Amino acid sequence: YIYVAAGSTVYVEGGNFGKPSTRSGYSAGIMGDGDVIITGGTFEFDPSNWVADGYQAVKNGSKWYVTPDNGVVAATAEELKAAIENAVDGSAIFITPATFEGTFVVNKNISIKSVNPANKATIKGRVQVINSNVAFENVKFDRNDTDSAAAWNASVSTKWLSNNLSVVMIYGDDNNTI
């Protein structure tokens, strides 16, 4: 838990916070008479009472994630695909520390970020960005197909660019982070 003494202010911008203490009288994850302002992090308790204006606490599974108000949290490849499909320009998608395997097609101006920069999410497969701008933050990429870089480059120039489509496919080798 977090304890804040009277007259003090603690700003929580990220990190992992476990369950509240089980000590007598400690039922919340944050205690004390001071102020706590949360703008990011992963919690095993509901941090809603301490979330700053412009942010939200989103529960996904047994954990709570604090994201900007325009954020959606995805914990599986299916949730990520749905979040991309339902996003509008300017949306932020926060992905949990997991491996998201598959092909992800993005045709909107969005950002995809790890909820925990210290424990990055991994996208394994392909990300196709079509006629849009996508910002990736603290995301690892792992290519899991059999295409060689030369074969992929040839397919881009002949298959997609000849059709006047603006397509970028992002690949990463093990441990590459964008």
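Here are some notes:
- Annotation: lysines with alpha-carbon distance below 18 angstrom to Lys140 (same-chain offsets under eight excluded): Lys81, Lys113, Lys120, Lys124.
- Taking θ as phi - 60° and the Karplus parameters 6.51, -1.76 and 1.60, the scalar couplings of the stretch 135-142 work out to 9, 9, 9, 6, 10, 9, 10, 9 Hz in sequence order, x denoting glycine and proline.
- When you count the other C-beta atoms within 10 angstrom of each residue and take the mean per peptide, 9-18, 115-124, 49-58 line up highest first as 115-124, 49-58, 9-18.
- Kirkwood Rh in Å, taken over the stretch 1-96 so that all alpha-carbon pairs contribute: 14.3
- Computed extension length for Asp46-Ala118: 23.8 nm, one decimal, from 0.36 nm per residue of separation with the Cα-Cα distance subtracted.
- Of the peptides 33-40, 71-78, the ranking by mean beta-carbon count within 10 Å, highest at the top, reads 71-78, 33-40.
- Whole-Hz Karplus values for the stretch 92-101 come out as 10, 10, 9, 10, 6, x, 8, 9, 9, 9 Hz, taken residue by residue from phi with 6.51 cos²θ - 1.76 cosθ + 1.60 and θ = phi - 60°; glycine and proline positions read x.
- In this structure, the amide hydrogen of Val36, modeled 1.01 Å from its nitrogen in the peptide plane, lies closer than 5 angstrom to those of Val10, counting only residues at least 5 positions away or on a different chain.
- FRET efficiency, Ala82 to Ser8 (Cβ-Cβ, R0 41 Å, nearest 0.05): 0.50
- Placed amide H near Lys113: partners under 5 Å, 5+ positions off or other chain: Ile93, Phe94, Ile95, Glu137
- Phi to ³J(HN,Hα) by Karplus 6.51 cos²θ - 1.76 cosθ + 1.60 over the stretch 64-72, Hz, x for Gly, Pro: 10, 10, 9, 9, x, 3, 8, x, 10
Just so you know, all these numbers are worked out from the coordinates, no wet-lab data involved. Values in this document were obtained by computation on a predicted structure and should not be read as measured data. Cβ: placed from backbone, ideal geometry, glycine included. Neighbour counts: every protein chain shown.
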